[in-house]
Amino acid sequence: MHAAITLTVNGNEHRISVDTRASVLDVLREDLGLTGSKKGCDHGQCGACTVLLDGRRANACLALAVAHDGAEIVTVEGLADGGRLSPVQEAFIERDAFQCGYCTPGQLCSATAVLDEAGRGWPSAVTADLASDPVLDDAEIRERMSGNLCRCGAYMGIVAAVRDAAARSGDTAARRADA
Ligand code: FES
Ligand code: FES
């Protein structure tokens, strides 16, 4: 069974007919040709498929496309501003925060959301002081990025890159942690 839905992906609107059993990940990759988002486990456990779904990070392999008619999605292909890489992308390159690169699209989308979430003052499971804005120190970054696995073990670079990106994005809490 198929259904017609509209998805806006990286600013482009798509009116498409999807299999009602299809995940957002499969629609992105198979129907729209956006293969940046990766299928690691297809079970919501690795984070390789992470995208921004209506402004929040989500595992695209667990999101039923037909349930997200009208959604706005940003994938790794949409993080750069034209030819200019985002602060997170630049930091990943500078910190050599990848090896094979398979987990990297999900890491980049997740890290982008981490900066947004911390900027909004959202606490994590390791935030000690719930009355103040969270400080993006290494413990906070590890916790907030814990849904994104890296089989190559590039975690040291990933944590450093997120810290740098937070500082570059003007996150005062991160600057304090980095000092
Ligand atoms: S492919 Fe979606 S979480 Fe692993
Ligand atoms: S860079 Fe290879 S899985 Fe993360």
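Being under 27 Å from HIS43 (Cβ atoms) and surrounded by 19 or more Cβ atoms within 10 Å (Cβ to Cβ), is that true of even one residue in segment 123-136? The answer is no, given that none of the residues of segment 123-136 is under 27 Å from HIS43 (Cβ atoms) and surrounded by 19 or more Cβ atoms within 10 Å (Cβ to Cβ). Need pairs with beta-carbon distance below 9 Å; first residue of a type in the set (Val, Ile, Thr) and within segment 143-159, second within 16 Å of ligand 1 (Cβ to nearest atom) and not in a helix (DSSP H, G or I); sequence gap 6+ or separate chains. Between residues of segment 143-159 that are of a type in the set (Val, Ile, Thr) and residues that are within 16 Å of ligand 1 (Cβ to nearest atom) and not in a helix (DSSP H, G or I), the close pairs are ILE158/CYS103; ILE158/MET145; ILE158/ASN148; ILE158/CYS150; VAL159/MET145.
In segment 1-57, counting only strands (runs of 3 or more DSSP E) that sit wholly within it, the ones holding 2 or more residues that are within 16 Å of ligand 1 (Cβ to nearest atom) span 50-53.
Kindly indicate the residue of segment 41-86 that is crowded, with 20+ Cβ neighbours inside 10 Å and among the β-branched types (Val, Ile, Thr) and also farthest from the chain's Cα centre (by Cα) among those meeting that condition. My answer is ILE73. Residues that are part of a loop (DSSP other than H, G, I, E, B) and in contact with a helix residue (DSSP H, G or I) (Cβ under 8 Å, 6 or more places away or on another chain) were ranked within segment 85-124; the one that is farthest from ALA166 (Cα to Cα) is PHE98.
Quick grid of which residues meet (1) in contact with a Gly (Cβ under 6 Å, 6 or more places away or on another chain); (2) more than 16 Å from ligand 1 (Cβ to nearest atom); (3) at pLDDT 95 or above; (4) under 19 Å from ASN59 (Cβ atoms):
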residue	(1), (2), (3), (4)
ARG95	yes, yes, yes, no
GLN99	no, yes, yes, no
LEU108	no, no, yes, yes
VAL114	no, yes, yes, yes
GLU117	no, yes, yes, yes
ALA167	no, yes, no, no
ALA173	no, yes, no, no
ARG176	no, yes, no, no
ALA179	no, yes, no, no
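Residue pairs whose Cβ atoms lie under 6 Å apart, separated by 6 or more positions or on different chains, with the first residue in segment 23-50 and without any contact (Cβ under 8 Å) to a residue 12 or more places away in the chain and the second surrounded by fewer than 16 Cβ atoms within 10 Å (Cβ to Cβ) and among the hydroxyl-bearing types (Ser, Thr, Tyr), are ARG29/THR35.
Scanning segment 145-164 for residues that are under 16 Å from the mean Cα position of the chain (by Cα), within 16 Å of ligand 1 (Cβ to nearest atom) and not hydrophobic (A, V, I, L, M, F, W, C) turns up SER146, GLY147, ASN148.
The values are calculated or read from the model by the stated rules, or taken from the named source; none is laboratory data. A quick note: this is a predicted structure, and the numbers were derived from the prediction, not measured. Neighbour counts run over all protein chains shown; Cβ positions are idealised from the backbone, glycine included.
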